[in-house]
Amino acid sequence: MFRLKKLLILILFMAGLPLQIIQSQGDQPDGYPEFVIPNTETIAMSSGSRDYQILVGLPENYSSSDPNRRYSVVYVLDANYYFGAVTDFIRVENLVQELPNLIVVGIGYPQNPLGERITDMLENPDQFLAFIGNELIPFIDSHYQTDASPAERTLIGHSLGGQFVLYSLFSNPELFSRYVAASPGSPGWDTIIPLEADFSNDHSELPVSLFMSSGEEEQIRSLIEDMFATIQSRDYDELEATYFIIENATHGSSAIPAITYGLRYVYDV
């Protein structure tokens, strides 16, 4: 399941995917134009005192598609760092006709993303999840050709973002049906353990697809493995879950491979 067609993907990249170059709005050093990922949009959103930079990646054929067609949506945390990688990986997978055409929604920040992610995902995860569920998802569903069913929503995060993926799963499992928690460890890890325990006391079913991973060489690997073992021990009905180790990888270097493997797992390719 996890065997990517690496040679084909490499050939496609070397051949050159369709690129779009536009002239920058501001002054660029040496007059070079700015590169923009094709078929993407940027939306400024606010929730209370919080400001967000929402990035939307659309399938290549989106503008000419049947207006009645609906697309699954992948929500990406820490979009300042991962939106481009996720969007282009899905584009390549579409070329080899493996992953379906997907709308990608990145949740990022207009400034100080490292600090803002801590405020949202570590200090106020309940408020952040409420923003996603009550404001962002309805906005996306009302402005794009999405399949509004939770069964067609995926949430992806790495590190603190991966922890928040698990927070979302055990706080409001009906919001998404596919979860990719890559290296889900952070200073707030201890909040997930009691959250999952409380959830297990009240639920015997968990009808979702869950991918968890860690780098082979990362220090928190044992914590992640213990959490996955705990989840598996609950024997939740309808849960499809896997844990994957990224070989020869640290916490940071495992991020992109884990996200790509995770997408393929939750979409069963």
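Roughly speaking, what is the stretch gain from T42 to E98, that is 0.36 nm per residue apart minus the C-alpha to C-alpha distance, in nm to one decimal?
So the extension gain works out to 17.5 nm.
Pick from A79, A241, A181: which residue has the top mean-square fluctuation in a GNM of the chain where Cα pairs under 10 Å get a spring?
Checking each option, the largest mean-square fluctuation is seen for A241.
Which one, I231, Y71, G262, is farthest towards the positive end of the dipole of region 40-266 when Lys and Arg carry +1 and Asp and Glu -1 on their Cβ?
Of the candidates, Y71 comes out farthest on the positive side.
How far apart, in nanometres, would the label points at T191 and H143 be if each is projected 7 angstrom from Cα along the Cα-to-Cβ direction?
Using points 7 Å along Cα→Cβ, the separation is 2.7 nm.
Find how many whole Å separate the alpha carbon centroid of region 102-124 from the alpha carbon centroid of region 221-269.
So the separation of the two Cα centres works out to 22 Å.
I'd like the GluC sites (Glu not before Pro) in region 147-212 restricted to DSSP loop residues with at most 15 other Cβ atoms within 10 Å, sorted by number.
E174
Here are labelled values, [x] 18.4, 61; [y] 19.4, 58; [z] 22.5, 74, and one is the computed Rg and Dmax of the Cα atoms in Å for what I pasted. Which one?
Evaluating Rg and Dmax of the Cα atoms in Å on these atoms matches [x].
Tell me, what is the percent relative contact order of region 77-231, built from C-alpha pairs under 8 Å that lie six or more residues apart? Before the final figure, lay out the partial values.
Details: 181 pairs, mean separation 27.0, N = 155.
Here the relative contact order equals 17 percent.
Run the quick spin-label model on N134 and E205: label points 7 Å from Cα toward the beta carbon, then report their separation in nm to one decimal.
2.7
What share of the DSSP beta bridges in the chain is antiparallel, in percent to the nearest 5?
So the antiparallel bridges amount to about 35 percent of the total.
Quick check: pseudo-label points 7 Å beyond the Cα along Cα→Cβ at D66 and D235, how many nm apart are they?
Distance between the two pseudo-spin positions: 4.4 nm.
From the square roots a ≥ b ≥ c of the eigenvalues of the alpha-carbon gyration tensor of region 206-265, which class results: rounded (a/c under 1.5), prolate (a/b over b/c), or oblate?
Oblate is the answer for region 206-265, as a/c is 1.5 or above yet b/c matches or exceeds a/b.
Every number in this text was worked out from the coordinates using simple rules, so none of it is lab data. Not measured: the values here are computed from a predicted model. Every residue, glycine as well, gets a Cβ built from its backbone with ideal geometry; the counts of neighbours run over all protein chains shown.
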